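The numbers here are math on the coordinates, done by the rules we state, and not lab data. These figures come from a predicted structure and were not determined experimentally. All Cβ positions, glycine included, derive from the backbone under ideal geometry; neighbour counts span all protein chains shown.
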Amino acid sequence: MGSLYLPTSSSIKSHIKMPQTPLHLPLKAYLMTFVNYCIKPKHRYPDTQAPLYSMSNLIGGFFVLFVVYLLLMAAMSPLLGLDDIPHAMTDLQDEYGPLGIFFLAVIAAPIIEEFLFRFSLRWFTRGFAIAFFIFSIGFAALHIFNFTLQPSDYWKIPFLIIPQTLLGFYLGFVRMQFSWLHGVLVHMLNNLIPTCLLLASEAMGLELQCLTFLYH
């Protein structure tokens, strides 16, 4: 008679797809993972909707990035005269009012833009790195139309879209390492902060023109 085969735990795991558990990294390590991913993007999407990293990594990474481009724009704007360039948000405030601005900036724009620039990334199994860069830079380039530029201002374009460029790379990373919905939520959070500050400042009779650079 043949010997009785009893499956081991390792053999069971090899045949059964185990649920994915979110990985919590120290924030510094998570940010380095993001930087390395931007240098060499790889198509890696979770088998389930469970994120590869924890939500604290996701939110912490976003706020670090937000502070970075906030400080960059605050430093460069007065030096390069970026504050003098009219932004579309000013006209939209007059046309749609606070509720309309909130809907357009915090709800509609993130959903539409994430669908256009990130939703299909999952299916670029070939040429993924090229697609990743094209969609990220294309996302930033779209926001050039937020500004009313004169020919003498064209050289300022790369500086004007620094926030959108950085966030475009981060949202692409989030799309592939978390899910499309996570990217939408991060995008909404990014637009929520300047929207609330601008509406509050308008109610108090103040001007915070520099915050319009943060809209994505």
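Arrange Y69, Y30 by Cβ neighbour counts within 10 Å, fewest through most, would you?
Fewest-to-most ranking of Y69, Y30: Y69, Y30.
Within 10 Å of each residue's Cβ, count the other Cβ atoms and sort F128, F145 from fewest upward. Please list the in-between numbers first.
Details: F128 17, F145 9.
If I rank by nearby Cβ atoms, fewest first, I get F145, F128.
Cut-off is 10 Å between beta-carbons; in what order do H187, H24, H143 appear when sorted fewest neighbours first?
Ranking H187, H24, H143 by Cβ neighbours within 10 Å, fewest first, gives H24, H143, H187.
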